[in-house]
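Accompanying notes for the structure given below.
The values are calculated or read from the model by the stated rules, or taken from the named source; none is laboratory data. For clarity, every value in this text was computed on a predicted model and none was experimentally measured. Note that we place each Cβ from the backbone using ideal geometry, even for glycine, and neighbour counts take in every protein chain shown.
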Amino acid sequence: MNNKVIIFDTTLRDGEQSPGFSMNIEEKLIFAEQLEKLGVDVIEAGFPVISDGDFEAVSAIAEKVKKAQVAGLARANNKDIEAAARALKNAVHPRIHTFISSSDIHIEYQLKKTREEVLRQAIEAVSYACSFIPNVEFSPMDATRSDRVYLAEMVSAVIEAGATTVNIPDTVGYTIPTEFYDLIKYLFDHVPNINKAVISVHCHNDLGLAVANSLAAIQAGARQVECTVNGIGERAGNTAMEELVMAIKTRNDLFNCYTEINTKQIMQTSKLLVNITGVSVQPNKAIVGDNAFAHESGIHQDGVLKHAMTYEIMRPEDIGITRSKLVLGKHSGRHAVLSRLKELGFELKPEEVDAFFAKFKCIADRKKEIYDEDLVAMIGEVLHKKEQNWRYVVKNIQISTGMFSPPMALVTLRDNQSDTEAIFEVAHGNGGVDAGVNAVKKMTGTKANIKAFNLVAITGGSDALCEVSVTVEEEVNGNVIKVFGNGMSIDVSIAGIMSFVDALNKIEYVKSAGHSQKSKSDGV
Ligand code: KIV
Ligand code: ZN
């Protein structure tokens, strides 16, 4: 048996469809580019039939991505399959992923069909998909709650119809590792043509077992795992890519298989996702949480100083975490900064260098010591925002506040939709952020409101670089537009106001023609 485990990333489909994680097309493209750098084998880019936005995103990713396969999801019907085939028409390595439920509870109550009808529909869907693209994946949804004999019959029939990958989803996160191992083994023992397809798994994390179940499936012979960065996804999420990959690598003695993930890109990918969506990972999250490599106990610290492997089973460098070093300051030249970035795994394109340096100088003028973590955060900000043609640009923010005087902010913006060079407004508020946000609201006339505010200090010290992410909502024609904004500064209030302006720009983008937000209820 081939020992490569194919990594199928569904962050942009299953991950993106979960509440709070929507991305616009530019953000999806930036993320897809990073997934390629990470080395995933398949990128599930979206569900083309579900909305114009999803269709455009899948088409754009299909055109941009050259190395990885690009998959589009489709229910088992002609309209969905045709939409997926159209969206993927310019992909170098396209894949159609079609699915229908196989459990009796779904068949009877949701599909209102018989097992025979569903089996026929699955076979027809796979044959139809194969008439467009030979690379077809089929998923019997809710496989783990399906009758095994019927499931095996379906798996065999779709392979016969041309499916090259058959994915076994634990759609509701119900199974446990021993049971899932047994199910995959059962399929290998009872589906005569099983060796003609790759067997894949797709686990949800409702019981916190998605990674464990996926690993058990690998031990039973599965050779593709569907996963998401940071484990995001429907409800409690999907198998976390970084956890799965590092488990296979760290316990190679048990798995005897490998992935082609460039693990040094894991941290950068995780951070990019946080930056785009504004949703942080919990500090104790395995592999990418802030505390994942922090040793607090004296005994552990002593051990790690004597020999890292006493208490570290993985090397932080292997996932792209650098041990924090004091590196740079405002007198550092381009050469020093670019070489340090290169050591950290970032190669800026010539057109990105100026934007990065403008940010670097601005921060270094106020912050004496620039740490590796600061550089990584700046990179995230600059690269994430570089391709956006935003409406508002912050020109200046001035805040005055005190214990006994009402906070006041003067904010100056450029509005790229007007001829005036700059617009400004002054406002009071309950604190610096509130004053600045009120000033922005006054001058832009926006009805948007901040619903959640999240502050992270990137490095220690009173001059720590802060990153604020906000969730902002605005009601437009009866629909609520919900976006995330990020802002970074040494000053907490300035970072907060910048994050609000960033969110306003995204709302403007959503409002602009052709970028409708899909309804979350349309997902799978
Ligand atoms: O959870 C699920 O079953 C899915 C399928 C579409 C693979 O997301
Ligand atoms: Zn799913």
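Details
- Here GLU160 meets the list (1) within 14 Å of ligand 1 (Cβ to nearest atom); (2) over 24 Å from the mean Cα position of the chain (by Cα); (3) among the acidic types (Asp, Glu) almost entirely, failing just condition (1).
- Selected residue (criterion: surrounded by the fewest Cβ atoms within 10 Å (Cβ to Cβ)) from residues of region 365-408 that are modelled with pLDDT of 85 or more and closer than 30 Å to MET267 by Cα: VAL393
- Taking the criterion of being within 16 Å of ligand 1 (Cβ to nearest atom), closer than 17 Å to ASN238 by Cβ, assigned to a helix (DSSP H, G or I) and of a type outside the set (D, E, K, R), the only residue of region 13-55 that qualifies is GLY15.
- Those helices (runs of 4 or more DSSP H) lying entirely in region 208-313 with at least 3 residues touching a residue at least 40 places away in the same chain (Cβ under 8 Å) and buried (at least 16 other Cβ atoms within 10 Å of the Cβ): 210-220, 241-250, 266-277
- Residue pairs meeting the criteria (Cβ under 7 Å; at least 6 apart or on separate chains; first not assigned by TED's automatic domain parsing to the domain that holds VAL470, in region 2-21; second assigned to a helix (DSSP H, G or I) and within 13 Å of ligand 2 (Cβ to nearest atom)): PHE21/GLY15
- Subset of region 332-344 that is of a type outside the set (S, T, N, Q) and under 16 Å from TYR371 (Cβ atoms) - its residue that is modelled with the highest pLDDT: VAL337
- Flag for VAL201 being at pLDDT 95 or above, among the hydrophobic types (A, V, I, L, M, F, W, C), assigned to a loop (DSSP other than H, G, I, E, B) and within 16 Å of ligand 1 (Cβ to nearest atom): no
- The number of residues in region 182-228 that are of a type in the set (Val, Ile, Thr) and farther than 14 Å from LEU151 by Cβ comes to 5.
- Residues of region 57-85 that are in contact (Cβ under 8 Å) with a residue 60 or more places away in the chain and not aliphatic (A, V, I, L, M): GLN69 alone.
- Candidate set: region 216-228, residues that are small (Gly, Ala, Ser) and more than 16 Å from ligand 1 (Cβ to nearest atom); chosen: the one nearest to VAL172 (Cα to Cα): ALA216
Yes or no, residue by residue, for (1) buried (at least 17 other Cβ atoms within 10 Å of the Cβ); (2) over 19 Å from GLU260 (Cβ atoms); (3) of a type in the set (Lys, Arg):
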| position | (1), (2), (3) |
| --- | --- |
| ASN3 | no, no, no |
| ILE6 | yes, no, no |
| ILE25 | yes, yes, no |
| ALA32 | yes, no, no |
| ILE50 | yes, yes, no |
| LYS66 | no, no, yes |
| ALA87 | yes, yes, no |
| HIS93 | yes, no, no |
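- Residue within region 113-132 that is touching a residue at least 12 places away in the same chain (Cβ under 8 Å), on the phi > 0 side of the Ramachandran plot and either assigned to a helix (DSSP H, G or I) or buried (at least 20 other Cβ atoms within 10 Å of the Cβ) (or both) present: no
- Cβ-Cβ under 7 Å pairs, at least 6 apart or on other chains, region 333-362 side in the same structural domain as LYS37 (by TED's automatic domain parsing), far side not in a loop (DSSP other than H, G, I, E, B): none
- Exclusive hit being out of contact with any Lys or Arg (no Cβ under 6 Å at 6 or more places or on another chain) and either away from ligand 2 (no atom under 16 Å from the Cβ) or closer than 27 Å to VAL211 by Cα (or both), set LEU35, LEU12: LEU35
- Tallying residues that are within 20 Å of ARG391 (Cβ to Cβ) and assigned to a strand (DSSP E or B) within region 414-426 yields 5.
- Verdict on SER59 being of a type in the set (S, T, N, Q) and part of a loop (DSSP other than H, G, I, E, B): no
- Whichever residue in region 78-100 is closer than 12 Å to PHE138 by Cβ and assigned to a strand (DSSP E or B) and, among such residues, is farthest from the chain's Cα centre (by Cα): ILE100
- Candidates LYS249, LYS264: the one that is basic (Lys, Arg), in the same structural domain as VAL172 (by TED's automatic domain parsing) and closer than 24 Å to GLU27 by Cα is LYS264.
- In region 229-261, the residue that is farthest from ligand 1 (Cβ to nearest atom) out of those that are among the polar types (S, T, N, Q) and under 12 Å from the mean Cα position of the chain (by Cα) is ASN230.
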